[in-house]
Each structure stands twice: as C-alpha cells, then as structure tokens.
Amino acid sequence: MRLNLLLTILILFISFTFSILGFNRNILHVNYLNNDSVHVGSFDNTPPTIKSISPGKCSEYIVSKPTIKIKYFDESKIDKSSIRLLVNYEDVTNKATISDSSITYTPDKKFKRGNQVVSLEIKDLSPNKNKSNIEWYFTVGTPVYKHYRGLLHSHTSASDGHGSYSDAYYLARDKANLDFFFITEHSNMLDNNSNCDINNASKSNKWSELVKVSDKFTCEKNFLGLYGFEMTYPYNVDNPIGHINIFNSKGFITEKHGDMMNLDNFYNFIYNQENLIGQFNHPGEKFGNFNNFEYSSKGDAIISLLEVRNGYNSDDSKNIKSYDMYQLALDKGWHVAPTCNQDNHRVNFGIANEFRTVVLCSELTKDSLYDALKNMRLYASEDKNLKVDYTINNLPMGSKITKCSRLNFYISAVDNDKNDKIKEIQVISNKGKVVKSKNFDSNIARLEFSMKSNKNSFYYVKIIQDNEKTSVTSPIWIK
C-alpha cells in the first residue's frame with residue numbers, strides 16, 4: 001500500500017517536471033523568435049504576394065528593350081538573398097536592382113522578336129521560408145491583333161435580372177456568336193455578402209456557382225465565359241455616385257464594406273489590390289457621374305473602361321448614350337477606353353441588339369483579353385461586325401506616345417454588310433475638337449494624314465454610319 005502511494009507520487013512529480021520543461025522550452029522558442037525580429041514566426045504559412053508584373057502577361061511590345069519590374073510584399077519581409085530572376089532561362093539576378101518591395105531589370109541587348117519568358121523565385125524571412133514562384137511571357141515585335149467581340153456587363157436572376165448563368169453564357173456563345181461574355185451581378189444582391197471580401201467569396205453560393213458555370217462554358221481560343229461584379233451605389237438619391245464594374249477579382253465587396261461609400265476610399269482600396277480592372281458603368285444624371293469625374297491617380301491606375309452605350313432594348317431610343325461623359329472623363333485626365341454593352345436584365349444575352357465591345361488581342365485567352373482591357377486596345381460599336389483599325393506612328397489605340405515631332409494617322413473601317421455604308425470618319429481631340437474629318441459613301445473607308453505633334457493631347461476616332469450607328473475607339477495619348 002505504502003509502495004503504491006510512493007510510486008504514484010513519483011509519477012506525478014515526473015509528469016510535472018516535464019510539463020515545466022516543455023513550458024520553458026516554448027518560452028525560449030518565443031523569445032528566440034522575438035529576438036530575431038520575425039513577428040509572425042512559425043505561424044506564417046503565407047508565401048510572398050506578387051503585387052504586379054510589368055510587362056504584363058501576354059503583353060505585346062514594339063519596344064525591344066522593355067524594363068521588367070516585379071513588385072512583391074510579405075509581412076515577414078522578403079529574403080532578398082533568395083531572389084532569382086530568369087529571363088529566357090538566363091539568370092539575370094546579379095544585373096537587376098533589388099529592393100524590399102521590387103526587382104527591376106533592363107536588358108543590355110535588344111530582345112529577339114517573339115515571346116520572352118520571365119520567371120521569379122522569392123522567399124520570405126519567416127522560419128518556414130515560404131516561397132513564391134511566378135512565370136509568364138510577353139511578346140516583342142510588331143503584334144498582329146485579331147478583333148474579338150463581346151460584352152462586359154450583364155445580370156441574371158442571381159441579382160435583379162432574369163435567366164440562369166447557363167442561359168446567359170449559352171445565348172452569348174451559341175446564338176449571338178460572341179467571343180467573350182461577362183456576367184457582373186450587383187454585389188450587394190449576392191448572398192452572404194457581408195462575409196465575403198475581394199479575395200475570397202467562397203461563402204457566397206451564388207458567386208461560387210458563377211465561377212463554376214463560367215469555367216464550364218469557357219473554351220480558350222473559342223469562347224471566354226467570364227465574370228465580375230458591379231459595385232452598386234444608390235441612385236435614387238441626390239448626387240448619386242454611380243456604378244462600377246470590377247473584373248479579374250477572386251471575390252467581391254459591396255458599398256457597405258468599411259468606408260466604401262466614399263469614392264476616394266474605394267479608389268484607394270482597388271489600387272491596393274492585385275490585377276483588378278475597372279469600368280465606369282452608364283455614367284450620367286440617373287445613376288451618377290462619379291463626382292463629375294473628379295480625377296484620382298489611384299482610380300485611374302485601375303479603371304480603364306467607360307461605357308459610352310448601355311442597354312438591352314431593340315428600340316435604341318430607350319438605351320443610354322454617354323459619349324459626352326467619355327469626352328468629359330478624358331478632359332479631366334482619365335485614361336479610359338469606350339465600351340458598348342447590353343447590361344442585360346432579360347433572357348436576351350448578346351442577342352438584344354448589335355451593341356459590341358471589340359478587343360484587340362493576339363489570341364483569345366483570359367490573360368490576353370485582360371491585357372487588352374487594361375491597356376485599352378479596344379473600341380465600342382453599335383454595329384455587330386464593323387471592323388476598325390486605328391494607329392498613330394504605327395502604335396495601336398490605347399497607346400501613349402512620347403518624344404515625337406510628327407503624328408502619322410492611319411484609320412480603316414470595314415463593314416461586311418454592304419448596305420451598312422460608312423458616312424463619316426472624325427478624329428476628335430481635347431475639349432471635343434474635331435481635328436480631321438472625311439465623308440464617305442461606302443462600306444469600306446480609309447483615312448490617312450499627318451500633323452504636327454501637340455504635347456498633352458489625345459485623339460480618338462468616331463465612325464458614323466448612314467443608319468446613324470456610331471463606333472468610337474479608345475484614344476492615343478501624346479505626352
């Protein structure tokens with residue numbers, strides 16, 4: 001009996017001693033981490049974030065020595081000694097400029113024409129040494145662009161429209177013969193939206209289903225079924241703000257998240273996210289003109305599109321025109337390209353009328369399409385098959401030109417419907433000034449001319465057909 005009692009006491013003493021030693025070991029481990037100035041320590045399992053890359057994925061450059069820049073971030077800080085930058089499989093890390101937030105490399109020699117492959121490997125300073133890898137390509141040489149037609153704005157029964165996701169993608173792909181189609185529900189009408197954010201909306205059944213169905217209908221190089229969300233500020237109020245589509249996000253937010261009712265706060269928020277693209281939707285008195293397009297450099301960095309036409313009515317008088325808002329935004333300093341969308345709320349996706357947004361890409365892939373939207377290589381057309389080409393000094397619409405004394409304009413418009421005659425081509429600049437115009441009476445039209453360069457100016461093309469259908473290109477800016 002006494003022996004059993006002694007054994008019990010001994011076991012308890014040993015257990016207590018080991019628990020103390022284990023506790024002290026944990027304290028020593030935490031102190032070690034604190035002394036090493038790694039705040040998140042072994043709990044950091046998140047690899048470094050790649051915030052931006054330039055040139056972007058699938059970008060096309062006539063410039064043969066573009067500077068490559070990658071921005072990154074990690075809460076545990078970046079282990080700069082871990083960084084490896086390869087360009088066309090050659091390690092150029094030692095030739096690059098490396099900081100805590102970015103790496104920059106400019107090649108010594110011109111790239112050969114064709115695809116340039118870039119890869120980056122980077123680790124953080126946490127004990128886990130979390131690693132990120134990214135690989136992409138861009139193209140050097142005069143690009144050959146194809147014209148892909150689609151729509152960037154629509155709604156189904158998941159918000160305030162009709163029809164299912166499948167209805168929308170099916171009609172757009174198989175009946176309207178579009179190359180791409182976006183479903184962009186009002187984010188404040190999606191389920192469980194208060195528990196979702198811009199990077200993760202998995203708690204919303206409607207959003208998760210949208211992602212699933214879009215993947216089902218997408219077949220790259222044939223049809224892209226894509227999605228985004230519409231940031232929906234109230235419009236039945238005095239001085240409404242407006243609605244903004246956001247593309248290329250992994251989730252969504254609403255106007256009730258944080259301080260998003262303040263437009264500047266929203267601009268700042270989207271600026272600090274990865275790879276977002278924005279569109280000003282149907283600007284005007286009814287829904288809002290974004291504080292009269294007060295300029296924001298952060299907003300301008302993300303928002304590259306503006307709807308000049310909006311509506312799903314076959315009677316065009318019932319649709320929205322915003323050509324004046326396009327001119328106003330450009331004059332205020334915004335760098336935006338025009339789009340023409342149906343904003344479908346009925347089961348007439350793509351077939352409601354002939355409104356089209358036409359994007360210039362080398363191929364029909366998601367990366368290539370997003371690159372074109374970001375870099376404003378597109379035009380808005382009220383005609384479903386009008387083809388417009390526009391360059392200055394051989395640079396395409398959406399370009400920015402610096403250090404040139406002469407501007408050589410080339411404009412071509414072709415409509416394969418021979419009865420759809422082109423009536424006039426106008427070249428429009430700051431304050432709406434028409435710097436050149438020419439009349440036609442044909443389904444084929446071409447305009448070439450040269451003029452002296454003017455700094456801080458922009459030029460876009462308007463094409464008017466004899467049925468009063470209008471098409472408008474993105475500008476080319478002269479810096």
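The values are calculated or read from the model by the stated rules, or taken from the named source; none is laboratory data. On a predicted model such as this, the values are computed, not experimentally measured, just so you know. Heads up, the Cβs are rebuilt from the backbone with ideal geometry, glycines too, and the neighbour counts pull from every protein chain shown. What goes into the accessible areas is simple: the full protein's heavy atoms, side chains included, and nothing from ligands, DNA or RNA. Shrake-Rupley method; radii C 1.70, N 1.55, O 1.52, S 1.80 Å.
Note on region 336-442: lysine pairs with Cα distance below 15 Å, sequence gap of 8 or more or different chains, count 10. Once you order the gyration tensor axes a ≥ b ≥ c over the Cα atoms, which shape class does region 305-371 get: rounded for a/c under 1.5, otherwise prolate or oblate by comparing a/b with b/c? Oblate, since a/c reaches 1.5 and b/c is not below a/b.
The order of 144, 237 by accessible area, most exposed first and with a 1.4 Å probe, is 144, 237.
State the percentage of accessible surface on region 351-479 attributable to carbon and sulfur atoms; use a 1.4 Å probe and exclude ligands, DNA and RNA.
Roughly 44 percent, rounded to a whole number.
The packing ranking of peptides 437-446, 374-383, 284-293, 462-471, highest mean first, is 374-383, 462-471, 284-293, 437-446, where packing means the average number of other beta carbon atoms within 10 angstrom of each residue. Helices assigned as whole DSSP H runs in the chain whose Cα atoms extend at least 27 Å along their own long axis and whose mean Kyte-Doolittle hydropathy is 0.0 or higher are found at 2-35. Lys-Lys pairs in region 197-304 that are eight or more residues apart or on separate chains and whose Cα atoms lie under 29 Å of each other come to 18.
Of all aspartates and glutamates in the structure, the ones whose alpha carbon falls short of 16 Å from that of residue 112, not counting any fewer than 8 places away in one chain, are 60, 90. The share of accessible area on region 35-137 that comes from carbon and sulfur is 47 percent, using a 1.4 angstrom probe.
Shape analysis of the chain based on the Cα gyration tensor places the equivalent ellipsoid semi-axes at 50, 29, 20 Å, largest first. Estimated from helices alone, the mean residue ellipticity of the chain at 222 nm is -5500 deg cm²/dmol (sum of -39500 (n - 2.57) over DSSP H runs with n ≥ 4, per residue).
Sorting 97-105, 267-275 by average packing, meaning the other beta carbons within 10 Å per residue, from highest down gives 267-275, 97-105. When the charge dipole of the chain is built from unit charges on Cβ atoms (+1 for Lys and Arg, -1 for Asp and Glu) and taken about the Cα centre, the candidate among 372, 92, 195 whose Cα reaches farthest toward its positive end is 92.
DSSP bridge analysis restricted to region 402-472 gives an antiparallel fraction near 100%, rounded to the nearest 5.
Based on protein heavy atoms only, the chain ends up with 49 Å² per residue of surface accessible to a 1.4 Å probe. Computed on protein heavy atoms with a 1.4 Å probe, the accessible areas place 340, 404 in the order 404, 340, largest first. Surface composition of region 184-246: carbon and sulfur make up 43 percent of the accessible area, probe 1.4 Å.
Just report the Cα centroid separation between region 269-285 and region 141-218, whole Å. If we compute the Cα centre of each part, the gap is 17 Å. The alpha-carbon of residue 332 sits under 15 angstrom from the alpha-carbons of these aspartates and glutamates, leaving out residues fewer than 8 places away in its chain: 294, 300, 324.
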